[in-house]
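Peer 1: Sharing a structure with you now.
The values are calculated or read from the model by the stated rules, or taken from the named source; none is laboratory data. Remember, predicted model here, so these are calculated numbers, not experimental data. Glycine gets a Cβ as well: all are built from the backbone with ideal geometry, and neighbour counts include every protein chain shown.
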Amino acid sequence: MSETNGLTIGELEAKYFLYRKALKQLLLEGRSSSGIEKTLCWSRLQTLHHCLPRQYKSPDHIRHQLRREIELEQGPA
């Protein structure tokens with residue numbers, strides 16, 4: 001299976017942590033959910049989840065994980 005832009009699943013898997021990092025940066029910037037869902041990193045995370053759902057969580061699940069992680073890093077307000 002391959003992505004429409006010519007990327008293979010292997011290439012997407014290799015960049016998984018970069019997509020997570022980009023998503024975290026978007027959350028730190030305070031981007032809206034609808035804005036985040038239009039990004040390339042969201043699309044790539046969706047593709048990975050769609051092709052390999054047992055290995056990769058949905059982008060929505062990852063977003064919630066990252067929000068919790070950010071809250072823990074920032075500590076009590």
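Peer 1: Look through segment 2-15, keep the residues that are outside any helix (DSSP H, G or I) and at negative phi, and return whichever of them is modelled with the highest pLDDT.
Peer 2: Restricting to residues being outside any helix (DSSP H, G or I) and at negative phi, the top hit is Lys15.
Peer 1: Would you be able to say whether some residue in segment 4-19 is of a type outside the set (Gly, Ala, Ser), under 21 Å from Leu72 (Cα atoms) and touching a Leu at 6+ places or on another chain (Cβ under 7 Å)?
Peer 2: There is at least one residue in segment 4-19 that is of a type outside the set (Gly, Ala, Ser), under 21 Å from Leu72 (Cα atoms) and touching a Leu at 6+ places or on another chain (Cβ under 7 Å).
Peer 1: OK, next. Restricting to segment 6-33, give me the number of residues that are farther than 23 Å from Pro53 by Cα and without any contact (Cβ under 8 Å) to a residue 24 or more places away in the chain.
Peer 2: Of the residues in segment 6-33, 6 are farther than 23 Å from Pro53 by Cα and without any contact (Cβ under 8 Å) to a residue 24 or more places away in the chain.
Peer 1: A further question on this structure: Residues of segment 20-52 being of a type in the set (D, E, K, R) and more than 16 Å from Glu73 (Cβ to Cβ), which ones?
Peer 2: Hits for segment 20-52 are Arg31, Glu37, Lys38, Arg44.
Peer 1: What number goes with the only condition from (1) surrounded by 11 or more Cβ atoms within 10 Å (Cβ to Cβ); (2) within 11 Å of the chain's Cα centre (by Cα) that Phe17 does not pass?
Peer 2: Unmet condition: (1).
Peer 1: Of the conditions (1) exposed (fewer than 14 other Cβ atoms within 10 Å of the Cβ); (2) in contact with a strand residue (DSSP E or B) (Cβ under 8 Å, 6 or more places away or on another chain); (3) hydrophobic (A, V, I, L, M, F, W, C), Ile9 clears all except one; give me its number.
Peer 2: (1)
Peer 1: Take Ile62 and tell me if it is within 10 Å of the chain's Cα centre (by Cα), surrounded by 12 or more Cβ atoms within 10 Å (Cβ to Cβ) and part of a helix (DSSP H, G or I).
Peer 2: Numbers: within 10 Å of the chain's Cα centre (by Cα): yes; surrounded by 12 or more Cβ atoms within 10 Å (Cβ to Cβ): yes; part of a helix (DSSP H, G or I): yes.
The answer is yes for Ile62.
Peer 1: Going residue by residue through segment 38-45, is there one that turns out to be over 15 Å from the mean Cα position of the chain (by Cα), without any contact (Cβ under 8 Å) to a residue 24 or more places away in the chain and on the phi < 0 side of the Ramachandran plot?
Peer 2: no
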